[in-house]
Amino acid sequence: MVSLHSVFPECRGFADFQIPAFSQKSDLVPSVDPSYQLNPQASVAILAGFAYNRRVLIQGMHGTGKSTHLEQVAARLNWPCLRINLDGQITRMDLVGKEIITLEDGKQITQFQEGLIPWSLQRSIALILDEYDAGQADVMFVIQRMLEREGRLTLLDQNRVIEPNPAFRIFATSNTVGLGNWNGLYQGTQLLNHGQMDRWDIVAALNYLEPAEEEKILLAKVPELSPETAKQMIALANLSRKGFEAGDISTLMSTRTLITWGENWRIFKDLQLGFTLAFLNKCESEEKALVAEYYQRCFAAELVINQN
């Protein structure tokens, strides 16, 4: 057992409590990223999931680092993680299991091969369901039973009920809160069953970092950048986010995009080219003039736009 305040000093503004942790790392434990800046409120929500076996859903816009945030919290606790992306190719059989034909003593026999959910449920693992709001209906109802307080899973094909390991935890990340693609931003997301959403004990929002925190990450990832240039880059990113919220542009700069821009600059030694390749070319032609205005405001330089 470890203290919240001792292992997560950034969360000292919240009440202290004890959290179970592992003394040794295993192959499934994520690596600690010393440059990653944890969001205190989201971290406390995740840690409550680890400490009290609560079901925690992290919601936020793309590029805010939801899955990475979960992994970095788990990394400090040496807690093994398994990430499953609930894209359209994931089937019920992938999650629950299926009958397979194998050879034994030269004879073909039929065996049941456990899926990812029964496998993880029986182990000391934090199961992270990425893109939770993109899951198909038949897949989501498999997960729903696990969200109950006792979390047992019934394998009908095996006439077996699986009891969860005491150190099993379940988390999820999503761009929406189960409302589907109502604003046109996230194609492929689904309207989620309200009864299922109600089973999540904690729903935490993870938004973009404060400029000072984002600057720390950017300079840690691309230390060759000057602090002044990093501030200008982040100011441009924030203008893109405000423009996105207002509906002026159709895409925005995430922290991931900022790091990519910095890495492009390191390769090409050209800030404008790095920006064009990391972000500008993702924008619609009609939006590029406005993005160029953002660039001029932050860098006092004209951005050359290739119209081809």
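The values are calculated or read from the model by the stated rules, or taken from the named source; none is laboratory data. Remember, predicted model here, so these are calculated numbers, not experimental data. Please note: Cβ atoms are built from the backbone with ideal geometry, for glycine as well, and neighbour counts cover all protein chains shown. Just so you know, the surface numbers come from the protein's heavy atoms only, side chains and all, with ligands and any DNA or RNA stripped out. Shrake-Rupley method; radii C 1.70, N 1.55, O 1.52, S 1.80 Å.
Picking from GLU99, GLU104, which residue would you name as being farther than 16 Å from SER174 by Cβ, modelled with pLDDT under 80 and touching a Ser or Thr at 6+ places or on another chain (Cβ under 9 Å)? I'd like the intermediate steps shown before the answer.
Numbers: GLU104 fails: touching a Ser or Thr at 6+ places or on another chain (Cβ under 9 Å).
Only one candidate qualifies: GLU99.
Regarding the range 217-226, can at least one residue be identified that is open to solvent by less than 30 Å² (accessible area, probe 1.4 Å), in a loop (DSSP other than H, G, I, E, B), at pLDDT below 90 and closer than 26 Å to ILE46 by Cα? Within the range 217-226, none of the residues are open to solvent by less than 30 Å² (accessible area, probe 1.4 Å), in a loop (DSSP other than H, G, I, E, B), at pLDDT below 90 and closer than 26 Å to ILE46 by Cα.
Give SER23, SER43, SER35 a once-over and let me know the one that is outside any helix (DSSP H, G or I) and either over 20 Å from the mean Cα position of the chain (by Cα) or modelled with pLDDT of 90 or more (or both).
From the options SER23, SER43, SER35, the qualifying one is SER23.
Out of everything in the range 26-53 that is crowded, with 20+ Cβ neighbours inside 10 Å and touching a Cys at 6+ places or on another chain (Cβ under 7 Å), what residue ends up being nearest to LEU77 (Cα to Cα)? Restricting to residues being crowded, with 20+ Cβ neighbours inside 10 Å and touching a Cys at 6+ places or on another chain (Cβ under 7 Å), the top hit is PRO30. Among the residues making up the range 99-144, those that are more than 26 Å from TYR52 (Cα to Cα) and among the hydroxyl-bearing types (Ser, Thr, Tyr) are THR102, THR110. Of all residues in the range 63-87, those that are open to solvent by 10 Å² or more (accessible area, probe 1.4 Å) and either assigned to a helix (DSSP H, G or I) or among the basic types (Lys, Arg) (or both) total 7.
Identify the residue in the range 112-152 that is in a strand (DSSP E or B) and modelled with pLDDT of 75 or more and, among all such residues, is most open to solvent (accessible area, probe 1.4 Å). Steps first, please.
If we filter the range 112-152 for residues that are in a strand (DSSP E or B), which is where we start, we get 112-114, 126-130.
Those left that are additionally modelled with pLDDT of 75 or more: 114, 126-130.
On the way: GLU114: 67, ALA126: 1, LEU127: 1, ILE128: 2, LEU129: 3, ASP130: 9 Å².
Going through the qualifying residues, I end up with GLU114.
For ILE170, indicate whether it is surrounded by 18 or more Cβ atoms within 10 Å (Cβ to Cβ), touching a Phe, Trp or Tyr at 6+ places or on another chain (Cβ under 6 Å), modelled with pLDDT of 80 or more and not small (Gly, Ala, Ser). Break it down into steps so the answer makes sense when it comes.
Numbers: surrounded by 18 or more Cβ atoms within 10 Å (Cβ to Cβ): yes; touching a Phe, Trp or Tyr at 6+ places or on another chain (Cβ under 6 Å): no; modelled with pLDDT of 80 or more: yes; not small (Gly, Ala, Ser): yes.
When the stated conditions are applied, ILE170 does not pass them.
Of the residues making up the range 229-259, those that are over 15 Å from ARG297 (Cβ atoms) and surrounded by fewer than 17 Cβ atoms within 10 Å (Cβ to Cβ) are PHE244, GLU245, ALA246, GLY247, SER250, ARG256. Regarding LEU191, is this residue at pLDDT below 90, open to solvent by 30 Å² or more (accessible area, probe 1.4 Å), under 20 Å from ILE58 (Cα atoms) and touching a helix residue (DSSP H, G or I) at 6+ places or on another chain (Cβ under 9 Å)? Against the criterion (at pLDDT below 90, open to solvent by 30 Å² or more (accessible area, probe 1.4 Å), under 20 Å from ILE58 (Cα atoms) and touching a helix residue (DSSP H, G or I) at 6+ places or on another chain (Cβ under 9 Å)), LEU191 qualifies.
Yes/no matrix, rows are residues, columns are (1) touching a residue at least 24 places away in the same chain (Cβ under 8 Å); (2) open to solvent by less than 40 Å² (accessible area, probe 1.4 Å):
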| position | (1), (2) |
| --- | --- |
| TRP261 | yes, yes |
| TRP265 | yes, no |
| PHE268 | no, no |
| ASN281 | no, no |
| GLU287 | yes, yes |
| TYR294 | yes, yes |
| VAL304 | yes, no |
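Applying a threshold of 9 Å to beta carbon distances and a minimum spacing of six or more residues, or different chains, the list of pairs starting in the range 206-231 at a residue that is under 15 Å from GLY65 (Cα atoms) and ending at one that is hydroxyl-bearing (Ser, Thr, Tyr) and part of a helix (DSSP H, G or I) reads TYR208/THR255; LEU209/THR255; GLU214/THR255; ILE217/THR255; LEU218/THR255. Sub-9 Å Cβ pairs linking a first residue in the range 52-81 that is farther than 23 Å from PRO20 by Cβ to a second residue that is among the hydroxyl-bearing types (Ser, Thr, Tyr) and in a strand (DSSP E or B), at least 6 apart or interchain, are GLN59/THR173; GLN59/SER174; GLY60/THR173; GLY60/SER174, ordered by first then second residue.
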